[in-house]
Amino acid sequence: MSAIQSNAAKPSGIPWLIIIAGSLIAVMTFGPRSAMGLFQLPLLQDKGWDRTTFSMAIALQNLFWGIGQPFFGAIADKYGTWRVLLMSAILYASGLVLMAWSTTPGMLYIGGGLLVGLGIASGSFGTILSAFARNVSAENRTFVFGIGTAAGSAGMFVFSPISLELIKHYGWSDALVYLGIAMAIVPLLAIPLRGNSSSGLISEAQYKQSMGEALREALGHRSYVLLTTGFFVCGFQLAFITAHFPAYLNDIGIDAKYAVLALALIGFFNVIGSLASGVISQRYSKPKFLAYLYIGRSVLVAAFLLLPQTGASVIVFAIVMGLMWLSTVPPTNALVAIMFGTRYLAMLGGIVFFSHQVGSFLGVWLGGYLYDHLGSYNPVWWLSVVLGILAAIVHWPIEERQADRPTLQPAE
């Protein structure tokens, strides 16, 4: 019997309490960080810092999100999801408050960069989707991954207008404090997700592997390495847009209301796109679908830059980009589960996501650095177009099948 095959009868239903609780956590952990771009201009105007300073803070946030996720994933696999989500609430809230009270760039880097990044790492998709995976049968797995991803997108849709209103009424600093206080709800929502890789409704025959052995196996697997490499591009593209799109629209003379509307539309249509991605990639080739998504992003960005840029074109760009925004997440995580099972999914998925966040770091930092030196975001826009095409090429040969393990024996 295959090690990815169930030993027990698979429940036909979906554990909706777990899915709803995890989805609400995704809203909370993904929402505030998606609205960071709205804080850039008021923060810099108040502090007198340049865009490179803010970009470095958000770049560090993305980098530590990526660095932390494999480690928090390993902790969740071993010691349980609830403990990791408790850490997420503490780290996230502390980071937002320190960011609000920053008097030096160093404090901004520690608060908005290090602490918020680790808070997101411990409470984002890797932790939540692995909890889903061990409670949902394989035939429903990609679908519920789409639900969880859509919830993160909903966080962007919900928190963009909330953050703007908080900034308008209380100022950017107090707005960050209020967002930090809101993180207190995460540990309560996390109660249904408690458990580790040995628990759950789905019983799988596991191979006799340590975490180190599982990591070495994954890093020696060609399709896993290709998947990890390609996900770098997703991070580069999305983080650049999240951090710099509001400032970019301001620079080209488009009213600030379109920046808020664009972020909200990206979040709203990403809900649709993520759900559709879960359904499509459950039925069709996941690697090919990922390749088409990256090609679609490149075509969209090129068209946005070459055609006249107006409020209407911003809305169209946001809607179409929203449909593709996090649609890469369900098939990417599902491919990791297909290759290696769910036992170390949080850790192995975290490694893939680390590549995503290295891309995020470069996208955010390079955007601010080149703007301060060249006075334009256009070089980074065009770089994202080229990288999207390369990502499509990388994803095409990925094999959607279980890793061969002739030397390993299933655990008793």
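The values are calculated or read from the model by the stated rules, or taken from the named source; none is laboratory data. Everything numeric here is computed off the predicted structure, so don't read it as measured data. Using ideal geometry, Cβ is built from the backbone for each residue, glycine included, and neighbour counts are taken over all protein chains shown. Side chains are part of the model used for accessible areas, which takes the heavy atoms of the whole protein and leaves out ligands, DNA and RNA. Shrake-Rupley method; radii C 1.70, N 1.55, O 1.52, S 1.80 Å.
Among the listed residues LEU307, LEU290, LEU326, which satisfies the condition of being closer than 30 Å to LEU41 by Cα, modelled with pLDDT of 90 or more and among the aliphatic types (A, V, I, L, M)?
Working: LEU290 fails: closer than 30 Å to LEU41 by Cα; LEU326 fails: modelled with pLDDT of 90 or more.
Going through LEU307, LEU290, LEU326 in turn, the sole match is LEU307.
Filtering the stretch 109-123 to residues that are in contact (Cβ under 8 Å) with a residue 24 or more places away in the chain and open to solvent by 10 Å² or more (accessible area, probe 1.4 Å) leaves TYR109, LEU114, LEU115, LEU118.
Quick test for you: out of LEU249, LEU226, pick the one residue that is among the aliphatic types (A, V, I, L, M), assigned to a helix (DSSP H, G or I) and modelled with pLDDT under 95. Being among the aliphatic types (A, V, I, L, M), assigned to a helix (DSSP H, G or I) and modelled with pLDDT under 95 holds for just one of LEU249, LEU226, which is LEU249.
Pairs linking a residue in the stretch 132-144 that is at negative phi and assigned to a loop (DSSP other than H, G, I, E, B) to a residue that is open to solvent by less than 20 Å² (accessible area, probe 1.4 Å) and modelled with pLDDT of 80 or more, with Cβ atoms under 6 Å and 6 or more positions apart or on different chains, are VAL136/VAL144.
Select from the stretch 92-108 the residues that are in a helix (DSSP H, G or I) and open to solvent by 40 Å² or more (accessible area, probe 1.4 Å) and list them in ascending order. Don't jump to the end; show me each part of the working.
Step one: list which residues in the stretch 92-108 are in a helix (DSSP H, G or I), which gives 92-100, 105-108.
Residues satisfying the conditions are SER94, LEU98, PRO105, MET107.
Being surrounded by 24 or more Cβ atoms within 10 Å (Cβ to Cβ) and not aliphatic (A, V, I, L, M) is the filter here; which residues of the stretch 355-381 pass it? Correct list: HIS356, GLN357, GLY359, SER360, PHE361, GLY363, GLY367, GLY368.
Determine, yes or no, whether LEU98 is on the phi < 0 side of the Ramachandran plot, out of contact with any Ser or Thr (no Cβ under 8 Å at 6 or more places or on another chain) and hydrophobic (A, V, I, L, M, F, W, C).
The answer is yes for LEU98.
Taking the numbered list (1) within 19 Å of VAL84 (Cα to Cα); (2) modelled with pLDDT under 85 in turn, MET156 passes all entries but (1). Scanning the stretch 21-37 for residues that are of a type in the set (Gly, Ala, Ser) and either farther than 10 Å from LEU179 by Cα or open to solvent by 10 Å² or more (accessible area, probe 1.4 Å) (or both) gives ALA21, GLY22, SER23, ALA26, SER34, ALA35, GLY37.
Of all the listed residues (ILE254, ILE266, ILE241), the sole one being within 23 Å of ILE162 (Cβ to Cβ), outside any helix (DSSP H, G or I) and out of contact with any strand residue (DSSP E or B) (no Cβ under 7 Å at 6 or more places or on another chain) is ILE254.
Can you report the number of residues in the stretch 290-342 which are in a loop (DSSP other than H, G, I, E, B) and aliphatic (A, V, I, L, M)? Let's see the steps before the verdict.
Initially, the stretch 290-342 is screened for residues in a loop (DSSP other than H, G, I, E, B), giving 307-310, 325-328, 341-342.
Checking the rest, the ones that are also aliphatic (A, V, I, L, M) come to 307, 326.
Residues flagged as in a loop (DSSP other than H, G, I, E, B) and aliphatic (A, V, I, L, M) within the stretch 290-342 amount to 2.
For the condition surrounded by fewer than 14 Cβ atoms within 10 Å (Cβ to Cβ) and either within 29 Å of SER285 (Cβ to Cβ) or at pLDDT 95 or above (or both), VAL386 qualifies. Looking only at residues in the stretch 163-178 that are in contact (Cβ under 8 Å) with a residue 40 or more places away in the chain, of a type outside the set (D, E, K, R) and out of contact with any His (no Cβ under 9 Å at 6 or more places or on another chain), the one that is surrounded by the most Cβ atoms within 10 Å (Cβ to Cβ) is LEU176. Within the stretch 24-49, being outside any helix (DSSP H, G or I) and in contact (Cβ under 8 Å) with a residue 12 or more places away in the chain holds for ALA35, MET36, TRP49. The set of residues in the stretch 347-366 being modelled with pLDDT of 90 or more and small (Gly, Ala, Ser) consists of SER355, GLY359, GLY363.
Among the residues making up the stretch 261-279, a single one is over 18 Å from the mean Cα position of the chain (by Cα) and either of a type in the set (Gly, Ala, Ser) or surrounded by 19 or more Cβ atoms within 10 Å (Cβ to Cβ) (or both): ALA262.
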